Amino acid sequence: FVADYDPRTKILHYANAGHNYPILISRNGDVELDRGGLLLGAFRDVAYDEGEVQLQSNDILFLYTDGLNECINNKDEQYGEGRAVDLIKLHHALTAPEIQQRIIDDVHEFAAPMALQDDMTLVLLKVH
């Protein structure tokens, strides 16, 4: 996933190359940023579509790797991205790093007492 964000205009240009779709959480609803193409480097001559989205103040862009949504607990249940989105909405007034820490803590609590089986990366962009 690659993105170019202009904070002056609040326009985000992006393309996804086989990654989990980032989720834009806004007062207008949740939107998966699904423009792009196939897994990067897997095939020759693949075209990638560019997406563009107009962000608004207080929108939150949530990017994550599959180590988050595919995290499994001792009941063999997956964490899923919905739990993280719900946490983002619940703690929307906090800063992006504070929300990110809430998600990380929740994933660890969900997985306990098991150790995480995959690496986990998440990025939050909160528009001012």
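The values are calculated or read from the model by the stated rules, or taken from the named source; none is laboratory data. Computed from a prediction, not measured in an experiment: that's the story for all the values here. Cβ sites come from the backbone with ideal geometry, for glycine too, and all protein chains shown count toward neighbours. With ligands, DNA and RNA removed, areas are computed over all heavy atoms of the protein, side chains included. Shrake-Rupley method; radii C 1.70, N 1.55, O 1.52, S 1.80 Å.
For region 89-121 and region 58-86, what is the centre-to-centre distance using only Cα atoms, to the nearest Å?
Distance between centres, Cα-based: 8 Å.
Can you order the peptides 61-74, 96-109 by their average number of other Cβ atoms within 10 Å per residue, highest first?
Top of the packing list down: 61-74, 96-109.
Just to be sure I understand the curve: with the Debye formula and one point per C-alpha of the chain, what is log10 I(q)/I(0) at q = 0.14, 0.16 Å⁻¹?
Taking Cα atoms of the chain as identical point scatterers yields -0.66, -0.83.
Could you tell me what a quarter of the Cα convex hull surface of region 40-113 works out to, in nm² with one decimal place?
Taking the Cα atoms of region 40-113, their convex hull projects to 7.2 nm² on average.
Length gain on complete extension for the stretch residue 9 to residue 54, per 0.36 nm per residue less the alpha carbon to alpha carbon distance?
Extending this stretch completely gives an extra 15.4 nm.
Could you work out the relative contact order of the chain? I mean the mean sequence separation of Cα pairs under 8 Å and 6+ apart, divided by the number of residues, in percent.
It comes to 25 percent, rounded to a whole number.
Net charge within 11 Å of residue 15 by Cβ-Cβ distance, Lys/Arg positive one each and Asp/Glu negative one each, not counting residue 15 itself?
-4
May I ask you to give the percent of accessible area on region 1-108 that is carbon plus sulfur, with a probe radius of 1.4 Å?
C and S fraction of accessible area: 47 percent.
Report the full-extension gain for the segment residue 34 to residue 117: residue separation times 0.36 nm, less the Cα-Cα distance, to one decimal in nm.
Full extension from residue 34 to residue 117 adds 27.2 nm.
Please calculate how many Å² of accessible area the chain carries per residue, with a 1.4 Å probe and no DNA, RNA or ligand atoms counted.
Spelled out: the 1.4 Å probe surface of the chain, per residue, equals 61 Å².
So for 10, 89, what's the accessible-area order with a 1.4 Å probe, most first?
Highest to lowest solvent-accessible surface, that is 89, 10.
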